[in-house]
Amino acid sequence: SLLEGNPHSVLEGMIIGGARLLSSRSEPVPELAGTGSVGPGESPALRDLPWVGEVLQETSEVAQGIVYAPFVGSTLRDHEGVYVNVEDRVRQSYQPSVVAGEKPLEIWFFGGSTMFGFDAQRDLHTIPSEFARLAEQAGIPVRVRNYGSPGYVNFQETVLLGLLTSAGQRPDLAVFYDGVNDQSLQLLNAVGGINALGDPADLGTSQQRNALFGSGAVPGGSPEPPAAFTSDLQRPYSADDVVQAVNSVYAQGMDVASAMGERHGFDAMWFWQPTL
């Protein structure tokens, strides 16, 4: 019945199905004391698989290769490995075969480490790769790009999409998968004051600001964040203020990406990560 709908409904269904496929469990998850208490190598989904250690080593190498990049804050250097390969900020993905003369849909995926596949996912088994397989099974020709990058929040991804489209590249569909990092950023803003609560920012802002201050390259510089740019939230912050900040910045990213899509002729879809 899914295939009887319009192409965008088919794509949305496959994205949701891919997320469900990746989150399925063959056995109960051990009792957790909190999020992150069980590492990828000890999880029931990966335990005892022979390649897990090598994948974790390769993703560690990728994380160590993160470099400052204008406008988006940070990006990934190229990396060549057995299971983890990155070229021009794009992680390698499974690409279905395409019949000669057939024009595949160009679908770009944006997100943080979950989209990249940092929890010991091999190139050909990330969310974009599994999506490509589902599209292939449904008879829909696609080409996918995985722009997931560790620590990214939605607004960073939106800026990256802007850089790509302004350079003349175009997707047919941009898919955003966010939530955990966006929440973490605004909680850090509220508790640690690394940025103004409710302003677009990224998780690396504080490190970059402190590094610049510590270098002495800017005489009289300060590690303190600038005044609020868009937000009028005032201390002491409430839980509702943090929720408002997360939603507000996310909505700004959606608005900008939607405008880019209208201008350049592509669609965008947004999905919120489930998290404890």
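Would you check the accessible area of D240, probe 1.4 Å, heavy atoms only, in square angstrom rounded to 10?
120 Å²
Calculate, for H125 and A239, the FRET efficiency according to 1/(1 + (r/R0)^6) with r their C-beta to C-beta distance and R0 41 Å; round to the nearest 0.05.
0.65
Which percentage, to the nearest 5, of the DSSP beta bridges contained in the chain is antiparallel?
Taking every DSSP beta bridge with both residues in the chain, the antiparallel ones total about 35 percent.
At what distance in angstrom do the alpha carbon centres of the range 68-96 and the range 47-66 lie from each other?
Going from one Cα centre to the other spans 15 Å.
Do any chymotrypsin sites (Phe, Trp or Tyr not before Pro) in the range 170-260 lie in a loop, going by DSSP, with at most 11 other beta-carbon atoms within 10 Å of their beta carbon, and if so which?
F229
Assign one of three labels to the range 157-264, namely rounded, prolate or oblate, based on the Cα gyration tensor with a ≥ b ≥ c the square roots of its eigenvalues; rounded applies when a/c is under 1.5, prolate when it is not and a/b is larger than b/c, and oblate otherwise.
oblate
Suppose only helical runs count, i.e. DSSP H with n ≥ 4. What mean residue ellipticity at 222 nm does that imply for the chain under -39500 (n - 2.57) per run, divided by all residues and rounded to the nearest 500 deg cm²/dmol?
My calculation for the chain gives -12500 deg cm²/dmol from helical runs alone.
Build a GNM of the chain with springs between Cα atoms under 10 Å: which of S129, S74, S184 gets the top mean-square fluctuation?
S184
Given a Förster radius of 25 Å and the C-beta distance between S166 and M254 as r, what FRET efficiency does 1/(1 + (r/R0)^6) yield to the nearest 0.05?
With R0 = 25 Å, the Cβ-Cβ based efficiency is 0.85.
Once both labels are modelled 7 Å past Cα along the beta-carbon direction, what's the E61-A100 spacing in nm?
3.8 nm
With all protein chains present and a 1.4 Å probe, how do M115, M254 order by accessible area, largest first?
From most exposed to least exposed: M254, M115.
In what order, largest first, do S166, S149 sit by accessible area if the probe radius is 1.4 Å?
Ranked list, largest accessible area first: S166, S149.
The values are calculated or read from the model by the stated rules, or taken from the named source; none is laboratory data. A quick note: this is a predicted structure, and the numbers were derived from the prediction, not measured. Every residue, glycine as well, gets a Cβ built from its backbone with ideal geometry; the counts of neighbours run over all protein chains shown. Calculation scope for accessible area: heavy atoms of the full protein, side chains included, ligands and nucleic acids excluded. Shrake-Rupley method; radii C 1.70, N 1.55, O 1.52, S 1.80 Å.
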